[in-house]
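Visitor: After the C-alpha cells below, expect a handful of questions from me.
The values are calculated or read from the model by the stated rules, or taken from the named source; none is laboratory data. Every value quoted in this text rests on a predicted model; they were computed, and no experiment measured them. Positions of Cβ are generated from backbone atoms using ideal geometry, with glycine treated the same way; all protein chains shown enter the neighbour counts. Ligands, DNA and RNA are stripped out before the accessible areas are found, and what is left, the full protein with its side chains, is counted by its heavy atoms. Shrake-Rupley method; radii C 1.70, N 1.55, O 1.52, S 1.80 Å.
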Amino acid sequence: MRIDVLTVLPGLFDCFLKEGVIGKAISSGKVEVKVHNIRDFTTDKHRVVDDVPYGGGPGMVLKPEPIFRAYDELTKEGEKPYVLLTEPWGEKFNQEMAVELSKKPRLMIICGRYEGVDERVKSLVDREVSIGDYVLTGGELPAMVIMDAVLRLIPGVLGNLESLRADSFSDRGLLGYPNYTRPAEFRGMKVPEVLLSGHHKKIESWRKEQSLRKTLERRPEIIENLKRKGLLTKEELE
Ligand SMILES: Nc1ccccc1-c1cnco1
C-alpha cells in the first residue's frame, strides 16, 4: 500500500513514521508513506496556504489551489488514490472502516485544519473522516490514528508473533480480554487460575467470555451491531 499525506505540519509525522511497527513496515518496504507539505505546492513568494473565510468569521480556511496542485502532481502516474479528508464532522472512523481502507492499493489523506478546508477541496475527497467528537487543532493526529489502524492490517506488517493476536475478535471491534504476566501474585492480586493451567481450550474460552462480557458492559452497541450483521457465532451469543 502507498499513502500520500497532505499537511501544513509535516514535522508532526517524523517520529510516527520512524518508530515501532509502522516504522519497521516502512523501512522494510512493506508499505510506502510519503508526507507532503502543502506549502511546497504554493506559487507565491510567501507560500500562502490559507486565507480568511468569505462572509467573515473567525480563523483561516485552507486555500484550494495548493491542495489541487498537490493532488494533480501526485496523481500524474500510478493508480488513483482513495482520498480521505480528516474533518471534525466526518464519518466516524472505526475498525470496520480500517479493514475496508486496508484493502485499497493507494490512499491519500488530506489533513484538515480546525477552521476548515475550502469546500471545493471536497470534490477530490472520497471520504471525510472523524476519529471522534472532540475538538483538535488539526487533522494530523487523526491521520496518524487512521494510518496506524489501517497499516497494522496489511499482511506482514504485524510480523508472525503479533499477527496471532490479531484474531477475528479484535478485528470485529470487540474489546480485549484481561492480560497478565509474571509474577503470579503481586501485592495480594493473583493471576486467574485458568491462565496458569496450561489448558489452551479453557484459556481460549475464558478469554472469549471475558471479551464478550467487557464489550457487553462497556459498548453494548458493538454487540448489537455484530448481531445484526450475523458476525457473532451461536456459542458467542449464549
Ligand atoms: N478536530 C479536528 C480538527 C481538524 C481536523 C480534524 C479534526 C478531527 C478529526 N476527528 C476528530 O477531530
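Visitor: How long is the gain from T233 to D72 if the chain were fully straight, where each residue apart is worth 0.36 nm and the alpha carbon distance is subtracted?
Guide: Full-extension gain reported as 53.3 nm.
Visitor: In addition: How would you rank 25-34, 185-194, highest first, on the average number of other Cβ atoms within 10 Å across their residues?
Guide: Highest mean packing first, the order is 25-34, 185-194.
Visitor: Let me know the shape class of region 161-237, please: from the alpha-carbon gyration tensor, a ≥ b ≥ c as square roots of the eigenvalues, rounded when a/c is under 1.5, otherwise prolate if a/b is greater than b/c, or oblate.
Guide: Taking the square roots of the gyration eigenvalues as a ≥ b ≥ c, region 161-237 is prolate.
Visitor: Still on this structure, I have one more. Which percent of the accessible area of the chain is formed by carbon and sulfur heavy atoms (probe 1.4 angstrom)?
Guide: 54 percent
Visitor: From the convex hull of the Cα coordinates of the chain, what is the mean projected area in square nanometres?
Guide: 17.4 nm²
Visitor: Please report the antiparallel percentage of the DSSP beta bridges confined to the chain, to the nearest 5.
Guide: In the chain, approximately 20 percent of DSSP beta bridges are antiparallel ones.
Visitor: What whole-number value in Å² describes the accessible area per residue of region 161-237 for a 1.4 Å probe?
Guide: So region 161-237 comes to 77 Å² accessible per residue, rounded to a whole number.
Visitor: Here's a follow-up. Need one word for region 71-149: rounded, prolate or oblate. Basis is the Cα gyration tensor (sqrt eigenvalues a ≥ b ≥ c); a/c below 1.5 gives rounded, then a/b vs b/c decides.
Guide: oblate
Visitor: Another one. Okay, helix-only estimate at 222 nm for the chain: each DSSP H run of n ≥ 4 adds -39500 (n - 2.57), divide by all residues, round to 500 deg cm²/dmol; what do you get?
Guide: -10500 deg cm²/dmol
Visitor: Let me ask something additional. For a quick protection proxy, order the peptides 53-61, 102-110, 215-223 by their average other-Cβ count within 10 Å, most packed first.
Guide: 102-110, 215-223, 53-61
Visitor: Among 113-123, 80-90, what's the highest-first ranking by average C-beta atoms within 10 angstrom per residue?
Guide: The packing order, highest mean first, is 80-90, 113-123.
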